[in-house]
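What follows is calculated from the coordinates using simple rules that are stated; it is not laboratory data. A quick note: this is a predicted structure, and the numbers were derived from the prediction, not measured. Quick reminder, even Gly has a Cβ in these numbers, built from the backbone with ideal geometry, and neighbours come from all protein chains shown.
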Amino acid sequence: MRAITAAEQGFALCEVCGRLGKMAEHARCPRCNAPLHRRKPHSLERSWALLIAAYVLYLPANLLPIMETRSLFGVQRDTIMSGVAFLWNSGSWMLALIVFVASVAVPLLKLLSLTALLLAVQRRSQGEPLQHARLYRLLELVGRWSMLDVYVVAILVALVQAQSLATMAPGPGVLAFGAVVVLSMLATMAFDPRLLWDIKTNSKSEKERRERERTAPV
Amino acid sequence: MTRPPHLTACHECDLLLREIDLSAEKGTVACPRCDAELYRVGRNSLERSLALTCAALVLLVIATTFPIVGLNIQGHEIETTVFGAARQLWRDDMPGVAVLLLATTVLIPLIELCALGWLLLPLHLGYRPAGFSRVFRALQLAHPWAMVEVFILGVLVSLVKLSHLADVLPGPAIWCFGALMLVLSVLSSIVDYRELWQTWEATEA
């Protein structure tokens, strides 16, 4: 049985209140008066733009120091990776693993997965949309956890101040890192998962149309 | 008639579906094609959501006004609240990060909870709240940016990092943030937007 989508039947789901409404030019939801869209408007363009910005900031986020510790022994600059290494070496390997996953692995995998999803939609790849949809749901779930390192820096900086032997100050990396997290969350929100399913729907109706044309009497 | 009755669509794959009345049962209804959660049924959750919203608001106020952690370095005690941490970041020429910290841990949870209370309390009392769709939209936009649970983990990681440097004293706010995290996660698992709109429709303007 062929799956019938709301868009094919001229309906659209309201993004605000979730009511199904009849789609027309400049249509508004009859219940909450929000504008109706078949798909999120300019989803691919916006998602790509935010994603590329996140890629650009990913390098400084990981290469620049996120924290500077000034003490009698001089200045020590910590990047994200050296923070993980510190936790690992001091024996808290469990926390080291959590921070590594949240700050290094998740952001990179998130950027790469979203790129894969965007490419899948643009190339109309006939993959398994269910896998892609699950990947998208996972991205929405894990993205926020990357904010972890920003919070760690905020607390350390507030506590280790003038009274103590050392002073900690935030490094430029933390700003870039926070921006990567926010931009990649925005990119994920801009993406419309329905596009993944449209590939199948459209290519099927395309095939049917072509077959009809072939068999139609001239 | 703008739509045939009892039709809905999956918000993730746009599959057109017939709504079934399952009010006698409890649980969630998932899309048969993409397995996304469509809606929850039979929870009757508005009253419990309202109670949890009030509890979360109280916890949030305590969590932000009391110190989260303290340090004891050779007799000197240093404590910090969320606001203190944000102020220090601002002084260290990081206003962007300071705003990000305050927004994700205090401001946005506050907006989310106030919006929920604004919607739930009048419905509970039997009248329609003013600006329902606008407040609902604010709630929807705020929700993904409240990161209390991530903040808790961040506090724990920094406690471990500091424990090599000095005596660490967990403050009262960290327990409140922990409780807030639990209440918020229960709240987001029971609050039912579909029921919210249906109650709004059923309530006299």
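Summary table
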item	result
Rounded, prolate or oblate (a/c below 1.5 giving rounded, otherwise prolate when a/b exceeds b/c) for the protein assembly as shown by Cα gyration tensor	oblate
Inter-chain Cβ neighbour average for residues B:84-93, partner chain, 10 Å	5
Formal net charge of residues neighbouring A:VAL16 (Cβ-Cβ distance under 11 Å; K, R +1; D, E -1)	+4
Rounded D (µm²/s) - segment B:111-181, Kirkwood Rh over Cα pairs, Stokes-Einstein at 37 °C, 0.692 mPa s	222
Overall dimensions of segment A:42-202 by Cα: Rg and Dmax, Å	18.7, 67
Solitary cysteines of the protein assembly as shown, where the nearest other Cys Cβ is not under 4.7 Å	B:CYS54, B:CYS114, B:CYS176
Backbone N within segment A:70-84 under 17 Å of label point (7 Å from A:GLN161 Cα along the Cβ vector)	A:70
Helical segments meeting 24 Å axial Cα length and Kyte-Doolittle -0.5 threshold in chain B (DSSP H)	B:46-65, B:108-125, B:172-190
Cα Rg over Rh - segment A:74-150, Kirkwood	1.15
FRET efficiency estimate (nearest 0.05) - Cβ-Cβ, A:MET81 to B:TRP175, R0 35 angstrom	0.60
Counted charge near B:ALA146, where neighbours are those whose Cβ lies closer than 13 Å (Asp, Glu -1; Lys, Arg +1)	-1
DSSP H segments from chain A that extend 18 Å or more along their own axis, Cα-based, with Kyte-Doolittle mean of 0.5 or above	A:43-63, A:106-122, A:172-190
Euclidean distance between Cα centres, segment A:1-49 to segment A:85-139, Å	29
Label-to-label distance, nm, for residues given as B:GLN74 and B:HIS124 (7 Å Cα→Cβ offset)	5.4
In nm, spacing of pseudo-spin labels at B:TYR193 and A:MET23 (7 Å Cα→C-beta vector)	1.9
Shielding by other protein chains, B:156-169, mean Cβ within 10 Å	6
Residues of segment A:46-82 with amide N under 12 Å of the 7 Å Cα→Cβ point at B:HIS164	A:82
Length released on extending from A:ARG70 to A:GLN131, taking residue separation times 0.36 nm less the Cα-Cα span	17.1 nm
All-pairs Cα distance distribution in segment B:53-198, expressed in whole percent, bin size 5 Å	2, 9, 17, 20, 17, 13, 9, 6, 4, 2, 1, 0, 0
GNM top mover of A:LEU72, A:LEU64, A:LEU118 - chain A, alpha-carbon springs below 10 Å	A:LEU72
Among B:169-176, B:146-153, the order from most to least packed when residues are scored by Cβ within 10 Å on average	B:146-153, B:169-176
Hits among aspartates and glutamates - C-alpha to C-alpha of A:LYS40 under 17 Å, sequence gap 8 or more where chains match	A:GLU8, A:GLU15, A:GLU25, A:GLU140, A:ASP192, A:ASP198, B:GLU12, B:ASP14
Summed residue charge, Cβ within 11 Å of A:SER47's Cβ, Lys/Arg positive, Asp/Glu negative	0
Computed E for B:ALA51/A:ILE4 - FRET, C-beta separation, R0 41 angstrom, nearest 0.05	0.50
Nitroxide proxy distance, nm - points 7 Å out along Cα→Cβ at B:ASP93 and A:ALA116	4.1
